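> Quick one: this structure, given as structure tokens, is what I'll be asking you about.
The values are calculated or read from the model by the stated rules, or taken from the named source; none is laboratory data. Note that the structure is a prediction, hence the values are computed from the model and not measured. Glycine also receives a Cβ, built like all others from the backbone with ideal geometry; neighbour counts cover every protein chain displayed.
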């Protein structure tokens with residue numbers, strides 16, 4: 001209790017300094033939580049696009065980005081004919097821009113694609129999809145920001161298209177995207193094939209056999225299960241690494257704040273530490289007191305940061321332009337990692353001050369101060 | 001001298017001894033102790049007298065394990081300091097300190113200040129509180145336990161420091177000008193209390209002081225001058 005009292009007393013003795021340290025950790029944690037959650041949400045949404053009613057994705061081996069992948073129509077035709085395949089759907093991804101929107105995701109799909117078959121059509125008739133090359137279907141948010149509706153024509157990139165339907169989808173990319181018949185997309189993006197083929201097998205037991213068959217028959221292609229793809233896709237890896245790195249830099253700054261606070265805390269009470277020393281406090285007890293203070297600052301900062309980060313995500317989610325893009329589902333693992341990192345930051349920030357405190361010579365401190 | 005450090009001298013046992021102890025500061029520029037030989041017998045009171053800078057406080061610090069001698073041996077209860085890897089064990093259980101300035105933590109209460117040594121020694125909390133109540137009653141501080149140090153008078157603060165020093169029932173009490181910061185009247189009463197407590201508890205007291213009047217009330221007077229024991233006499 002006395003140790004705890006000493007810890008709390010010292011923190012309350014310099015309230016502003018303690019508050020600034022807690023705020024530093026809190027904003028670092030909030031930044032990390034926000035960035036990681038948004039990027040994980042984005043990765044999740046992208047994975048969701050690929051895994052619509054499918055188990056496996058086939059694409060060109062060794063491409064850095066799926067937008068650069070080109071799977072030949074002959075490969076699609078052959079794979080679709082394999083007995084183990086229930087259905088194989090080609091998808092061509094492209095990025096276009098309109099007057100006010102620099103990035104609009106385009107999906108070149110067939111009428112058999114799950115996105116067309118299973119989506120909720122707010123307006124239009126799904127039976128009309130693919131009948132004309134210049135027909136497109138828009139996600140609800142795309143229709144909103146392009147200020148168009150069924151029956152109108154819309155300028156997308158260098159082409160003018162006829163809007164025949166509006167889809168409702170929970171996926172942010174699809175909600176802000178444009179769906180066009182595969183042949184139109186191939187013509188629009190100057191490609192012969194598709195970016196990927198999404199595969200649904202008749203039996204999950206045949207996944208390994210399917211992957212081996214692709215490897216043997218098409219050495220330039222690779223077949224990955226959806227989760228396997230999410231884990232290994234380099235763009236996702238880069239995004240996740242960037243998120244953690246940015247968050248880590250934030251925490252590093254927070255840690256420097258804690259270190260500064262703890263150094264000042266030790267420097268301003270050398271005499272007090274000397275008194276504890278004279279009364280028998282061991283190195284471990286002195287260090288425990290310093291680490292206890294920093295841990296308390298870090299934990300308080302972490303919880304404040306989680307609250308701030310969650311509020312920030314909720315605000316982002318309500319911004320119309322970001323509708324569907326921000327997934328506020330905070331994973332418990334992320335929360336745990338953030339708290340542990342904040343704690344480690346606090347402890348690391350207290351390392352030097354603790355060593356300094358342990359080296360204080362009681363005799364000199366009591367004699368001269 | 002060497003055979004006195006841990007042996008029984010008649011019926012009295014030497015609990016504290018220094019043999020040929022040297023201590024200097026600033027890389028040898030200032031030599032404070034020059035081959036000091038000293039011993040204290042169990043349950044007796046010793047006054048170290050001498051002018052400022054003669055080495056009284058330095059000797060106390062060495063005897064209490066707060067500092068290390070450059071040369072010579074310091075023995076506490078038969079154990080030579082420096083060879084024992086943990087002088088803290090001694091500080092916690094065998095030696096108590098009282099300084100000229102009370103050296104209490106101002107943000108804590110009297111009770112919390114006194115309990116600090118028991119936390120360091122991991123003493124049972126109930127036992128610690130019982131010990132504190134006992135000492136507080138004997139020092140007249142029973143009604144001040146929950147008061148912060150800032151609210152206490154100079155005499156009360158020094159009595160608190162005395163309580164704290166005795167919390168772990170040390171066998172040796174080292175006091176460095178314990179009444180030096182108090183007025184004459186308070187000084188006399190605190191010193192009497194100190195003598196009463198050490199007598200009741202059977203504690204060996206070694207006290208550094210300038211006050212000849214107080215020193216004369218100890219069992220032995222040791223005169224120091226220029227880093228050496230100049231004269232030692234029983235009173």
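> I want to confirm something. Restricting to segment A:152-172 and keeping residues that are in contact with a strand residue (DSSP E or B) (Cβ under 7 Å, 6 or more places away or on another chain), without any contact (Cβ under 8 Å) to a residue 60 or more places away in the chain and surrounded by fewer than 18 Cβ atoms within 10 Å (Cβ to Cβ), which single residue is nearest to residue A:94 (Cα to Cα)?
Checking each candidate, the answer is A:160.
> Please enumerate the residues belonging to segment B:101-137 that are surrounded by fewer than 19 Cβ atoms within 10 Å (Cβ to Cβ), touching a residue at least 40 places away in the same chain (Cβ under 8 Å) and out of contact with any helix residue (DSSP H, G or I) (no Cβ under 7 Å at 6 or more places or on another chain).
B:101
> Contact list please: Cβ distance under 7 Å, first residue in segment B:61-80 and within 12 Å of chain A (Cβ to nearest Cβ), second residue part of a loop (DSSP other than H, G, I, E, B), pairs at least six apart or on different chains.
Every condition considered, the pairs that remain are B:61/B:67; B:62/B:69; B:68/B:82.
> Kindly list the number of the only condition in (1) surrounded by 15 or more Cβ atoms within 10 Å (Cβ to Cβ); (2) within 25 Å of the chain's Cα centre (by Cα) that fails for residue A:186.
Going through the list (1) surrounded by 15 or more Cβ atoms within 10 Å (Cβ to Cβ); (2) within 25 Å of the chain's Cα centre (by Cα), residue A:186 breaks only (2).
> Continuing with this model, one more query. Within segment B:122-130, does at least one residue satisfy the condition of being modelled with pLDDT of 90 or more, within 21 Å of the chain's Cα centre (by Cα), part of a helix (DSSP H, G or I) and away from chain A (no Cβ under 14 Å)?
No, the conditions are met nowhere in segment B:122-130.
> Still on this structure: Step by step: first the residues of segment A:275-290, then only those that are in a helix (DSSP H, G or I) and farther than 15 Å from residue B:164 by Cα, then the one that is farthest from the other protein chains (Cβ to nearest Cβ). Which residue is that?
Filtering segment A:275-290 down to residues in a helix (DSSP H, G or I) leaves A:275-278, A:283-290.
Keeping just the survivors that are farther than 15 Å from residue B:164 by Cα gives A:283-290.
Numbers: A:283: 9, A:284: 10, A:285: 6, A:286: 10, A:287: 14, A:288: 11, A:289: 10, A:290: 16 Å.
Checking each candidate, the answer is A:290.
> When only residues in segment A:3-36 that are buried (at least 19 other Cβ atoms within 10 Å of the Cβ) and within 10 Å of chain B (Cβ to nearest Cβ) count, which is modelled with the highest pLDDT?
A:6
> Those residues that are surrounded by fewer than 16 Cβ atoms within 10 Å (Cβ to Cβ), at pLDDT below 80 and within 14 Å of chain B (Cβ to nearest Cβ), I need them from segment A:310-366; list them, please.
Answer for segment A:310-366, where residues must be surrounded by fewer than 16 Cβ atoms within 10 Å (Cβ to Cβ), at pLDDT below 80 and within 14 Å of chain B (Cβ to nearest Cβ): just A:364.
> Counting only residues that are touching a residue at least 60 places away in the same chain (Cβ under 8 Å), give me the strands (runs of 3 or more DSSP E) lying completely in segment A:22-136 with at least 3 of them.
Because the criterion is at least 3 residues that are touching a residue at least 60 places away in the same chain (Cβ under 8 Å), the strands (runs of 3 or more DSSP E) in segment A:22-136 that meet it are A:56-60, A:85-96, A:104-109.
> Could you check, for segment B:158-180, whether at least one of its residues is surrounded by fewer than 18 Cβ atoms within 10 Å (Cβ to Cβ) and within 18 Å of residue B:59 (Cβ to Cβ)?
Yes.
> Quick check on this structure: which one of B:81, B:91 is under 13 Å from the mean Cα position of the chain (by Cα) and modelled with pLDDT under 85? Don't jump to the end; show me each part of the working.
On the way: B:81 fails: under 13 Å from the mean Cα position of the chain (by Cα).
When all the criteria are applied, what remains is B:91.
Okay, residues lined up against (1) surrounded by 16 or more Cβ atoms within 10 Å (Cβ to Cβ); (2) in a helix (DSSP H, G or I); (3) touching a strand residue (DSSP E or B) at 6+ places or on another chain (Cβ under 8 Å):
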| position | (1), (2), (3) |
| --- | --- |
| B:187 | yes, yes, no |
| B:191 | yes, yes, no |
| B:194 | yes, yes, yes |
| B:198 | yes, yes, yes |
| B:205 | yes, no, yes |
| B:208 | yes, no, yes |
| B:213 | no, yes, no |
| B:218 | yes, no, yes |
| B:223 | yes, no, yes |
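> Continuing with this model, one more query. Can residue A:279 be described as closer than 30 Å to residue B:56 by Cα and surrounded by fewer than 17 Cβ atoms within 10 Å (Cβ to Cβ)?
No.
> In addition: Suppose we filter B:136, B:161, B:165 for residues that are at pLDDT 90 or above, assigned to a helix (DSSP H, G or I) and more than 12 Å from every other protein chain (Cβ to nearest Cβ); which single one remains?
Answer to the check: B:136.
> Residues in segment A:91-116 that are surrounded by 14 or more Cβ atoms within 10 Å (Cβ to Cβ) and under 29 Å from the mean Cα position of the chain (by Cα): how many?
The qualifying residues number 17.
> What about residue A:88, is it surrounded by fewer than 16 Cβ atoms within 10 Å (Cβ to Cβ) and either outside the structural domain of residue A:175 (by TED's automatic domain parsing) or touching a strand residue (DSSP E or B) at 6+ places or on another chain (Cβ under 9 Å) (or both)?
Taking the combined requirement at face value, the residue does not satisfy it.
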